[in-house]
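Just below is one structure, and these are the notes that go with it.
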Amino acid sequence: MSSVLIGQIVNVHGIKGEVKIYPYTDDLENLSKKLKNIFLDENMDGECYKTNCRIQKGMLLCKISGVDTIEQAEKLRGKYVYIDERNLDKLEDDNYYVKDLLGLDIIDINTNSLFGKLEYIYNTGANDVYEVITQDNKKVYLPAIKQVIKKVDIKNKKIYVEIMKGLI
């Protein structure tokens with residue numbers, strides 16, 4: 001069994017133990033319906049918690065089983081939330097889970113040379129931004145737009161990019 005990071009508990013909500021989860025997805029509607037069982041441990045060695053979630057202002061508000069007071073909820077602040085990978089939907093073409101992209105080689109399509117590795121993905125609202133660690137160990141930020149991201153090859157663990165003039 002494998003786990004997938006889907007968000008982080010960032011705050012409490014109300015006095016009856018609800019928590020506010022910052023989601024690492026833009027498909028909140030789907031996630032809120034599927035988020036029935038969560039783990040607060042990446043290896044899923046800990047307890048599996050049953051949840052009841054709803055969406056409010058781009059966040060997930062979740063009632064977690066066994067967490068009934070604000071004090072109990074407060075202890076969960078900062079914890080990462082995972083689900084069993086088997087609960088994920090198959091995505092349409094040209095859509096990827098962040099977990100599948102992190103660590104992929106970034107290849108400059110013009111020179112066919114290794115540019116760096118994808119370290120982190122930021123969701124900015126308009127489009128994602130890829131944090132890439134270059135060959136000379138510098139951080140570069142690439143917008144995840146069609147003009148820059150030319151091809152994603154999950155099978156061969158590569159993302160082909162065109163570095164536009166003035167981008168970096």
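Descriptive notes on the structure:
- Residues (at pLDDT 80 or above and not in a strand (DSSP E or B)) located in segment 30-59: Lys36, Leu40, Lys57, Gly58
- Hits in segment 60-85 - residues which are at pLDDT below 90, crowded, with 19+ Cβ neighbours inside 10 Å and out of contact with any Ser or Thr (no Cβ under 8 Å at 6 or more places or on another chain): Val81
- For Leu118, the stated conditions hold: it is touching an Asp or Glu at 6+ places or on another chain (Cβ under 8 Å), touching a residue at least 24 places away in the same chain (Cβ under 8 Å) and not aromatic (Phe, Trp, Tyr).
- Taking the criterion of being touching a residue at least 24 places away in the same chain (Cβ under 8 Å) and either touching a strand residue (DSSP E or B) at 6+ places or on another chain (Cβ under 7 Å) or in a loop (DSSP other than H, G, I, E, B) (or both), the residues of segment 74-86 that qualify are Glu74, Leu76, Arg77, Gly78, Lys79, Tyr80, Val81, Tyr82, Ile83, Asp84, Glu85.
- Selection from segment 143-168 of residues that are small (Gly, Ala, Ser) and surrounded by 12 or more Cβ atoms within 10 Å (Cβ to Cβ): Ala144
- Any chance Leu114 is on the phi < 0 side of the Ramachandran plot, modelled with pLDDT of 90 or more and not acidic (Asp, Glu): yes
- Unmet requirement for Glu71, which otherwise passes all of (1) in a helix (DSSP H, G or I); (2) over 28 Å from Ile21 (Cα atoms): (2)
- Hey, Val129 under 24 Å from Gly7 (Cα atoms) and at pLDDT 90 or above or not: yes
The values are calculated or read from the model by the stated rules, or taken from the named source; none is laboratory data. The structure displayed is predicted, hence computed values, not measured ones. Quick reminder, even Gly has a Cβ in these numbers, built from the backbone with ideal geometry, and neighbours come from all protein chains shown.
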